[in-house]
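Worksheet: one structure, shown below.
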Amino acid sequence: MSNTKAKLTVLISGSGSNLQALIDACGKAALPNAEIIRVVSNKKASFGLERAQKAQIPTAYHNLLEYKKRFPDTTESKKFEQARSEYDRDLASLVLADTPDIVVCAGWMHILAPTFLEPLKDAGVPVINLHPALPGQFNGAHAIDDAYKAFQEGKIEKTGIMIHYVILEVDMGEPIVTRDIPMRKGESQDDLEQRIHENEWELIVQGTKKAIDTLWKSRQSS
Ligand code: GAR
């Protein structure tokens, strides 16, 4: 089993620098026996899609706006709930059609619904996510901004990065690997962001490798 190549589907929304780290590591010592079989973006203009095409990896763009048009019925408290649910159901079908071993969210800025997570779980395909904060520290889409502000206010001395399993509660799943990032006095937010990204590029590879190793072990023992 350990000589089999793990098939990775990578979900992205933006620049795809973490996708690039995975592309560069696949088949090398840091991430042997892994290949990216598809990159899916929820944003048409993601630079990550170009990175994938350059590496000859199949891509897909999955457009939420179409679902919002198709399922416009919404109330303030349940905004586009049906659109999101149907979008995620189709995302699961799209992803599972390739029979991946694992799904890696690398800068994927869409909260995954049960209609995605349940079919993946049923198929035995773990979903992992990169988040630029330590477990329980700054959940959500603005973790780096929140950490920078908290340091300016004297509330924290360090932030961090984690790769974790995805569960319904946003950024709350079991951590696979974490790395502390000590805050530096006088550092600009741009410099902190850059420092975090450079660490992410190593950690996403480590976390993906560890999740694949765990998956192979669990398949061997079952
Ligand atoms: C990364 O910093 C990642 O940690 C963050 O999005 C960025 C994507 O960069 N993800 C989250 O905030 C998830 N909650 P990239 O597109 O260059 O890989």
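The values are calculated or read from the model by the stated rules, or taken from the named source; none is laboratory data. Bear in mind the structure is a predicted one, so any value in this text is a computation, not a measurement. Every residue, glycine as well, gets a Cβ built from its backbone with ideal geometry; the counts of neighbours run over all protein chains shown. Keep in mind that these areas ignore ligands, DNA and RNA; they rest on the heavy atoms of the full protein, side chains included. Shrake-Rupley method; radii C 1.70, N 1.55, O 1.52, S 1.80 Å.
Details
- Any hit, the range 77-90, residues being crowded, with 20+ Cβ neighbours inside 10 Å and not charged (D, E, K, R): yes
- Some residue of the range 145-156 being under 13 Å from the mean Cα position of the chain (by Cα) and touching a residue at least 24 places away in the same chain (Cβ under 8 Å): no
- Residue check for Q220: under 21 Å from C26 (Cα atoms), outside any strand (DSSP E or B), open to solvent by 30 Å² or more (accessible area, probe 1.4 Å) and in contact (Cβ under 8 Å) with a residue 12 or more places away in the chain: no
- Residue in the range 119-138 that is in a helix (DSSP H, G or I), within 13 Å of the ligand (Cβ to nearest atom) and at pLDDT 95 or above present: no
- Candidates A25, A30, A52, A34: the one that is open to solvent by less than 20 Å² (accessible area, probe 1.4 Å), in contact (Cβ under 8 Å) with a residue 24 or more places away in the chain and more than 16 Å from the ligand (Cβ to nearest atom) is A34.
- Helices (runs of 4 or more DSSP H) lying entirely in the range 41-103 (those with 1 or more residues that are hydroxyl-bearing (S, T, Y) and touching a Phe, Trp or Tyr at 6+ places or on another chain (Cβ under 7 Å)): 64-70, 81-96
- Candidate set: the range 126-142, residues that are touching a residue at least 12 places away in the same chain (Cβ under 8 Å) and over 14 Å from the mean Cα position of the chain (by Cα); chosen: the one surrounded by the fewest Cβ atoms within 10 Å (Cβ to Cβ): G136
- Top-ranked residue of the range 105-118 - restricted to ones that are within 11 Å of the ligand (Cβ to nearest atom) and open to solvent by 60 Å² or more (accessible area, probe 1.4 Å), ranked as nearest to V205 (Cα to Cα): M109
- Evaluated against (1) over 22 Å from E35 (Cα atoms); (2) out of contact with any strand residue (DSSP E or B) (no Cβ under 9 Å at 6 or more places or on another chain); (3) modelled with pLDDT of 95 or more, L112 falls short on exactly one condition, (2).
- The requirement of being open to solvent by less than 20 Å² (accessible area, probe 1.4 Å) and within 11 Å of the ligand (Cβ to nearest atom) is not satisfied by I102.
One line per residue, one yes/no per condition, for (1) among the aliphatic types (A, V, I, L, M); (2) surrounded by 16 or more Cβ atoms within 10 Å (Cβ to Cβ); (3) not in a strand (DSSP E or B):
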site: I144; (1), (2), (3): yes, yes, yes
site: K155; (1), (2), (3): no, no, yes
site: M162; (1), (2), (3): yes, yes, no
site: L168; (1), (2), (3): yes, no, yes
site: M172; (1), (2), (3): yes, no, yes
site: I176; (1), (2), (3): yes, yes, no
site: R179; (1), (2), (3): no, yes, no
site: G186; (1), (2), (3): no, no, yes
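- Long-range neighbours under 7 Å by Cβ, at least six apart or interchain, first residue in contact (Cβ under 8 Å) with a residue 60 or more places away in the chain within the range 99-114, second among the small types (G, A, S) and surrounded by fewer than 21 Cβ atoms within 10 Å (Cβ to Cβ): G107/S13; G107/G14; W108/S13; M109/S13; M109/A141; H110/S13
- Hey, D88 on the phi < 0 side of the Ramachandran plot, of a type in the set (D, E, K, R) and within 18 Å of the chain's Cα centre (by Cα) or not: yes
- Selection of the range 1-12 for residues being at pLDDT 95 or above and open to solvent by 20 Å² or more (accessible area, probe 1.4 Å) yields only K7.
- Scanning the range 178-210 for residues that are within 19 Å of L11 (Cα to Cα) and more than 16 Å from the ligand (Cβ to nearest atom) yields K209, K210.
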